[in-house]
Amino acid sequence: MDALEGTVVHGDGYARTIGFPTANLEDISGSLPDKGLYLVHTELDGVGYWGGLLVEEKVELHLIKFDGDLYGVRLSIDVLKKIKDIDDVNRDNHLEDLKIGLKMIDELKSSF
């Protein structure tokens, strides 16, 4: 697919309240894909991370097995594959979609 860059900013904190923190991205450059959930890969301090990118009104990233503070960090993200379309009606379903999609990512990432 493509790559994009974005800066991590503070969101409304909703995802964190349900135990599923995401990094909200703004100032995005590169080719933003259509709405949906995508398999992505990025590097931080020389360590590679797999994750899910949720593209809707906002762009949210969840990195698998990452625990840290990304606020203000500019990330370069490789968008590898669309996992699924998202429900345009209910925002609560978007995060549920992300959780389901991350299970699929474990199976897909070995093919990249």
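Miscellaneous remarks
- Pick from the stretch 74-111, criterion in a loop (DSSP other than H, G, I, E, B) and touching a Lys or Arg at 6+ places or on another chain (Cβ under 8 Å), ranking: modelled with the lowest pLDDT: Asp88
- Residue list for the stretch 43-66, restricted to those being free of Cβ contacts under 8 Å to residues at least 12 places away in the same chain and either out of contact with any His (no Cβ under 9 Å at 6 or more places or on another chain) or in a loop (DSSP other than H, G, I, E, B) (or both): Asp45, Gly46, Val47, Glu57
The values are calculated or read from the model by the stated rules, or taken from the named source; none is laboratory data. Because the structure is a prediction, the values reported are computed rather than measured. Note: ideal-geometry Cβ built from the backbone for every residue, glycine included; neighbour counts use all protein chains shown.
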